[in-house]
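Reading through the structure tokens given below for one structure.
Where a number appears in this text, it was derived from the coordinates with a stated rule and is not lab data. Computed from a predicted structure; not experimentally measured. A quick note on method: Cβ atoms are made from the backbone with ideal geometry, for glycine too, and the neighbour counts reach across all protein chains shown.
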Amino acid sequence: MSIISEMSKKYNLHSWSAQDKLNPMTVTKAEGIYFWDDEGNKYYDMSSQLVNSNLGHGNKAVVNAIKAQADKIAFIGPGYALDVRSEAARKLIEFAGPHFKGGKVFFTNAGAEANENAIKFAKAFTGRWKIFSMYRSYHGATFGASALTGEPRRWIAEPGVPGFIHFDGPYPYRAPKACKFDSEEDITAFYLELLENQMKYENPQDIAAVFVETVVGSNGVLIPPAGYLNGVRELCNRYGVMLVCDEVMTGFYRTGSKFAFMQFDVKPDIITFAKGSTCGYIPLGGVIVKQEIAEYFNDRKMYNGLTYNAHPMGCAAAVATIDEYVRLGIEENVKKQGKLLASGLDELERKHKSVGETRHIGLFAMIELIKDKANREPLTPFNSDPEGCMAKICGMLKAEGFVTYSHENMLIIAPPLIITEQELRDALRIADKVLDDVDAMI
């Protein structure tokens, strides 16, 4: 272990980890889709760090925009008008499409804060107090965002904020055994019925919002079946409920469009965003609200505020990042490389007995590992990995120069959106080689 790693263990608390089991890698360089450790080893960044380094490492335009803003005005309080604040918000409203014309942006520091503030907007606008979200969801680690989160990372914050209700979203690969689906329409009908029943049980007049990760992220890259999001939208319309699309992971071309909701012909009332807005070069997140919600606060006090709301350097980074997506032709590259990723992962699913299912949209994908294809038994039990299987597999990938992370029995594949065809083919070959060893393990 390097001196830097030893110092890190001594003074830093590392996320989601038992500290004594850690051996943090010392990173000395990062460029493009790669980064290097202190021994000179080169790694493919196949998770874009935390699915946020969409433009890869070392983009000069974004770095220079931050530098220029730091020289001009590094910080000024959120109550002041500033050219870069206005421009960042204008670009984001335009980015969100015609449905959000007349809407406004409330900037935050990250995705969790974006969801915290979206909760407050929905409650204020509707005058209601209950919030719905999926069990298989992650919306952040602050207290309200933890309550919004459905998976086990919320448990440490419980008992949580009253009024948060979780429901089962579409996951046909692990649907109840009694379910026999003949089509996507069957899947959609089943899960919409579950949701509407639950809304009725909770009194629709108390429900302020339904939050969805447009495509569920860390909990499986669960792509909604045809018509599902439209059905959720219809239920929200029927009961006067706000639909909030959490686009923290999926926004900014990760799935192939500016925001993922655009691929499903659905129109949310509120969007939350973060990661891809600056690609991690500096923290920034935010909430985009439609015109009706923005106008609600014209003559009513808005109880949302942050010291670093609309930080000048964050806004400068967002402006430069959006421009870089266009200059680099990121939308076209995601569509092109997304087809290659899809075909490569489908082949891994056919070839490897340890791969139960792969799911993919754009450059956002998941490999679900299992013990047996017939009964779909997960490689590791829910919320448990007593034998350290997933950590071992991630270590095997890392030894071959392929770095990503796992969640439950799944490996995420979400490379920087600048990845080339050759780089993607080379990375998939590494995954194929390691999955041979996983096949032998089971």
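By the equivalent-ellipsoid construction on the alpha carbon gyration tensor, the chain comes out with semi-axes of 33, 29, 20 Å, ordered largest to smallest.
Spacing of the modelled spin labels on residue 301 and residue 437, each 7 Å from Cα toward Cβ, amounts to 6.0 nm.
In the range 373-442, the ratio of gyration radius to Kirkwood radius, Rg to Rh, stands at 0.99 when only Cα atoms are counted. Stretching the chain fully between residue 29 and residue 332 yields a gain of 106.3 nm (0.36 nm per residue, less the alpha carbon separation). Annotation for residue 73 and residue 4: the two label points, set 7 Å from Cα along the Cα-Cβ direction, are 3.5 nm apart. Alpha-carbon geometry of the range 245-395: the Rg and the Dmax are 20.0, 61 Å, given in that order. The share of C-alpha pairs in the range 1-70 whose separation exceeds 14 Å stands at 68 percent.
Could you give the length gained by full extension between residue 83 and residue 11, i.e. 0.36 nm per residue of separation minus their alpha carbon distance, to one decimal place? If you can, show how the numbers build up before the last one.
Details: separation 72, 0.36 × 72 = 25.92 nm, distance 3.90 nm.
Contour length minus the Cα-Cα distance gives 22.0 nm.
Normalising by residue count, the range 308-418 has a Cα convex hull of 152 Å³ per residue. Placing unit charges on each Cβ (+1 for Lys and Arg, -1 for Asp and Glu) gives the chain a dipole about its Cα centre, and among 2, 374, 326 the Cα reaching farthest toward its positive end belongs to 326. For the range 349-442, chymotrypsin sites (Phe, Trp or Tyr not before Pro) are listed when DSSP marks them as loop and at most 13 other Cβ atoms sit within 10 Å of their Cβ; the list is 382.
Which order results if 126, 28 are arranged by neighbouring Cβ count within 10 Å, fewest first?
Ordered from fewest to most neighbouring Cβ atoms within 10 Å, 126, 28 come out as 28, 126.
Counted by neighbouring Cβ atoms within 10 Å, the residues 36, 155 run from fewest to most as 155, 36.
Candidate cross-link partners of residue 101 among the lysines, defined by an alpha-carbon separation under 21 Å and a same-chain spacing of 8 or more, comprise 91, 258, 267, 290.
Cβ crowding within 10 Å ranks 326, 289, 161 as 326, 161, 289, fewest other Cβ atoms first.
What ranking do 383-391, 261-269 get when scored by the average of other Cβ atoms within 10 Å per residue, highest first? Before the final figure, lay out each step's value.
Working: 383-391: 12.8, 261-269: 20.9.
My ranking of the peptides, most packed first, is 261-269, 383-391.
Taking GluC sites (Glu not before Pro) across the range 1-80, the ones in a DSSP loop with at most 11 further Cβ atoms lying within 10 angstrom of their Cβ are 39. For the range 61-327, the antiparallel share of DSSP beta bridges with both residues in that region comes to about 40%. Compute the whole-percent fraction of alpha carbon pairs in the range 142-249 spaced more than 23 Å apart. When every Cα pair of the range 142-249 is considered, 30 percent fall beyond 23 Å.
Helix content alone sets the calculated 222 nm mean residue ellipticity of the chain: runs of n ≥ 4 DSSP H residues at -39500 (n - 2.57) each, divided across all residues, give -12000 deg cm²/dmol. Taking a ≥ b ≥ c as the square roots of the eigenvalues of the Cα gyration tensor, the range 195-307 is oblate, since a/c reaches 1.5 or more and a/b is not larger than b/c.
Restricting the range 1-110 to trypsin sites (Lys or Arg not before Pro) that sit in a DSSP loop and have at most 11 other Cβ atoms within 10 Å of their own Cβ leaves 101.
Once the Cβ-Cβ distance between residue 99 and residue 420 is put in as r, and R0 is 30 Å, what FRET efficiency do you end up with, to the nearest 0.05?
Values: r = 34 Å, r/R0 = 1.12.
The pair residue 99/residue 420 has a calculated efficiency of 0.35.
Label positions at residue 50 and residue 203, each projected 7 Å from the Cα along the C-beta direction, are separated by 3.7 nm.
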